[in-house]
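Engineer: Please see the structure below; I have some questions.
Computed from the coordinates by the stated procedures, all read-outs in this text should not be read as laboratory data. Predicted model only: the values in this text are computed from it and were never measured. Glycine also receives a Cβ, built like all others from the backbone with ideal geometry; neighbour counts cover every protein chain displayed.
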Amino acid sequence: MITNTFLHIKGISKRQEQALWAQGVTDWTRDTDDKRLARYTALDDSRAAFTNGDAEFFAKALPKVEHYRIALAFPKDVLFVRVETTGSSLYYDSITMIGWSLGAEYHVFVEGEDPSEFCDAVFRAKAIVTFNGTLHDCKFIHKRFPDLLLPSVHLDLRYCAKRVGFSGGRQAIEQAVGLVRLRASESPAVLWHRYRRGDKAALRRMITGNHADIEAQKVLLDACVGRMYSKFAVPEAVRSSVRFSNLASVIRWAEKGRQYAGGIHISSYAGAAVPSVTFKTLNKECALDEACVVGIDLVASEKRSSGYCVLRGNVAQTQRLKTDEEMIDAALSAGATLVSIDSPLGIPHGRTSFWDDDPMREQFGITRECERLLKQRGISVYPCLIPSMQKLTQRGITLAEKFKACGVEVIEGYPGGTQDVLSIPRKQAGLGDLIEGLKEFGLTGDFEYREFQQPGEGYKKNVSSTGKKLDSAQLPKITHDELDAVTSALVGLFYLCGKYEALGNTEEGLLILPSVEGGF
């Protein structure tokens, strides 16, 4: 514990601390008369700080690797935090919910509700514990509450675990410490989308998963402390008996007719019922009813089908096409003035070919400026010239040139990035949620009621808002390629309105993303 370490005293090294322990000097609050400590006058300040619960005093004096001792000294004042967000991009995404446990209590803040209870918990806490909070939780908290000061004692279990020899991601580390638990099949971001659309049960599942994550953090911290003791040969006599897992919390639901202080009440979503930017808001700006845009989710080979969408105003018609000629003929027949292709339409400036034997590969790399910018913003994207992308990039550039030769303007769209910007779940979350996101934006078409397949499940019927149902034999099942083609075409609407951001440079090709800053 904090009273057993001497490393906060200037001039005492780990080796000297070990020597003091070996001589029986183990606690500077008890060994006040020991002559070996008499020369360390700073211990008077340490005793006063400990009596007053001044964690900041020890945070400034101790090496960060020893900050776990501060948490052990004030276990009921340690704040375990788990932040849920709309996605992983700090640039585009935002907090949906924060769960926290202080002592043996668990509480949540749901976006749109009063955050004062969370802010008060932060104010009272002497230390904060997260898993990957350095890169995620704390950054999002600072974005949402710029004036809120978090405790300077921050134990990020991702790095604590690595420091003591655990490897792998969170699930692997939990399994290594013997923690086995059921995990939700739906991500918190998807559950939030469902809750926002009126599904209260989705928020309940989201809170349940958040609570399980926080309780797991307590087990992980205990395991990390145990390994820290072993790694640094800390004697049994100075090991703390504190176990954070003994401060287990439970979810106290506030049930109807049995309201009580601190109970979690599942209320209806308090925010806007529709996104701030929809087809309706775009249409007011630019009169898009007559616009015709083609979106293509391209694959590398003409032997396989690509997703293809003709978007007239807000009505999407999708299909799957194989050859360049089929795509060009379909676009010209539809009267499209713009084609948005989901494929890199350029290569790094200085490269002379698509392949790894390019003599300029080592100097100019495999990544374009636009891809580096997306990575910096937290949006997942593949470099255009990794081996698995080389043939796709070649085909995309060739197809774009063919369209331009026919007098059709071409842009590079990125459905995954666009879905992140517009807070639409990606296809990996499940096609049903992606479909709902496109509908919520204001798009319509046969994708609304064609059958789709959920991950790990059978095909489901998706009924349109008009209640229209068709026999599944009348239409082919919708594919993720077609839905990404719809999203790619959607990029074109923002482009036609001038509501877009062009990432990169003209030498390498510009990647177009919607711009929704400040709404419309």
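Engineer: Under the definition of Cα pairs under 8 Å and six or more residues apart, what whole-number percent is the relative contact order of the chain?
Structural biologist: Working: 878 pairs, mean separation 68.9, N = 520.
Value for the chain: 13 percent.
Engineer: When the helices in the chain are scored as -39500 (n - 2.57) per DSSP H run of 4 or longer and the sum is shared across all residues, what 222 nm value do you end up with, to the nearest 500 deg cm²/dmol?
Structural biologist: Values: 19 runs with 191 residues, N = 520.
My calculation for the chain gives -11000 deg cm²/dmol from helical runs alone.
Engineer: Can I ask one more? Multiply the residue separation of TRP355 and GLU255 by 0.36 nm, subtract the distance between their alpha-carbon atoms, and state the gained length in nm to one decimal.
Structural biologist: Numbers: separation 100, 0.36 × 100 = 36.00 nm, distance 6.25 nm.
Extra length from TRP355 to GLU255 when fully extended: 29.8 nm.
Engineer: Let me ask something additional. Quick one: Kirkwood hydrodynamic radius for segment 311-457, alpha-carbon pairs, angstrom, one decimal? Don't jump to the answer; show the numbers that get you there.
Structural biologist: Numbers: mean 1/r = 0.0576 Å⁻¹.
Mean inverse Cα-Cα distance, inverted, gives 17.4 Å.
Engineer: At q = 0.17 Å⁻¹, work out log10 I(q)/I(0) for segment 157-279 with the Debye formula, treating every Cα as an identical point scatterer and leaving solvent out; two decimals please.
Structural biologist: So the normalised log intensities work out to -0.97.
Engineer: To continue, here is another question. Using only the alpha-carbon atoms, what does segment 339-396 span along each of its principal axes? Please give whole angstrom values in decreasing order.
Structural biologist: The Cα atoms of segment 339-396 stretch 30, 26, 18 Å along their principal axes.
Engineer: Then there's this: For labels at LYS14 and THR444 in the simple 7 Å Cα→Cβ model, what's the distance in nm?
Structural biologist: Each label point lies 7 Å from its Cα, and together they span 6.8 nm.
Engineer: Step by step: find N for segment 98-232, compute 2.2 N^0.38 Å, then divide the Cα radius of gyration by it. What's the final number?
Structural biologist: On the way: Rg = 15.7 Å, N = 135, 2.2 N^0.38 = 14.2 Å.
Computed over Cα atoms of segment 98-232, the ratio equals 1.11.
Engineer: Quick check on my link table: of LYS284/LYS402; LYS139/LYS477; LYS76/LYS162; LYS143/LYS218, which ones sit more than 30 Å apart, alpha carbon to alpha carbon?
Structural biologist: Values: LYS284/LYS402 33 Å; LYS139/LYS477 41 Å; LYS76/LYS162 25 Å; LYS143/LYS218 26 Å.
Over 30 Å Cα-Cα: LYS284/LYS402; LYS139/LYS477.
Engineer: Of all beta bridges DSSP finds with both residues in segment 71-247, what is the antiparallel percent, to the nearest 5?
Structural biologist: Around 70 percent of the beta bridges assigned by DSSP in segment 71-247 are antiparallel ones.
Engineer: Could I ask something else about it? Hey, can you list the DSSP H helices of the chain whose Cα span along the axis is 18 Å or longer and whose average Kyte-Doolittle score is at least -0.5? Please list the in-between numbers first.
Structural biologist: Values: long enough: 200-231 (46 Å, -0.17); 390-405 (23 Å, -0.63); 480-497 (26 Å, 0.87).
Qualifying helices, which must be both long enough and hydrophobic enough, are 200-231, 480-497.
Engineer: Something else about it: When the C-alpha atoms of segment 194-235 are aligned to their principal axes, what extent does each axis show, in angstrom, from largest down?
Structural biologist: Largest to smallest, the principal-axis extents are 55, 10, 6 Å.
Engineer: Just to confirm my numbers, what's the Cα centroid distance between segment 150-222 and segment 101-134 in Å?
Structural biologist: First find each Cα centre; the distance between them is then 15 Å.
Engineer: Can I ask one more? Mind running the shape call on segment 230-322? Use the C-alpha gyration tensor, a ≥ b ≥ c as the square roots of the eigenvalues: rounded below 1.5 for a/c, prolate if a/b tops b/c, oblate otherwise. Before the final figure, lay out the partial values.
Structural biologist: Values: a/c = 4.06, a/b = 1.82, b/c = 2.23.
Cα axes put segment 230-322 in the oblate bin.
Engineer: Looking at the chain, send over the antiparallel percent of its DSSP beta bridges, to the nearest 5. All intermediate terms of the calculation are to be shown ahead of the outcome.
Structural biologist: Details: 35 of 55 bridges.
Around 65 percent antiparallel, to the nearest 5.
Engineer: Still on this structure, I have one more. Can you give me the relative contact order of segment 279-514 as a percent, contacts being Cα pairs under 8 Å and 6 or more apart?
Structural biologist: Working: 469 pairs, mean separation 66.1, N = 236.
Reported relative contact order: 28 percent.
Engineer: Oh, and also: Using only C-alpha atoms and all pairs of different ones, pull out the Kirkwood radius for segment 309-374 in Å with one decimal. All intermediate terms of the calculation are to be shown ahead of the outcome.
Structural biologist: Numbers: mean 1/r = 0.0673 Å⁻¹.
For segment 309-374, the Kirkwood estimate is 14.9 Å.
Engineer: If r is the Cβ-Cβ distance from SER152 to ARG181 and R0 is 25 Å, what FRET efficiency results, to the nearest 0.05? It would help to have the intermediate numbers written out before the result.
Structural biologist: Details: r = 31 Å, r/R0 = 1.25.
For SER152 and ARG181, the calculated efficiency is 0.20.
Engineer: Would you mind working out the magnitude of the charge dipole of segment 285-401 relative to its Cα centre, with +1 at each Lys and Arg C-beta and -1 at each Asp and Glu C-beta, to the nearest 20 Debye? All intermediate terms of the calculation are to be shown ahead of the outcome.
Structural biologist: Values: 13 positive and 17 negative charges, 84 e Å.
Here the size comes out at about 400 debye.
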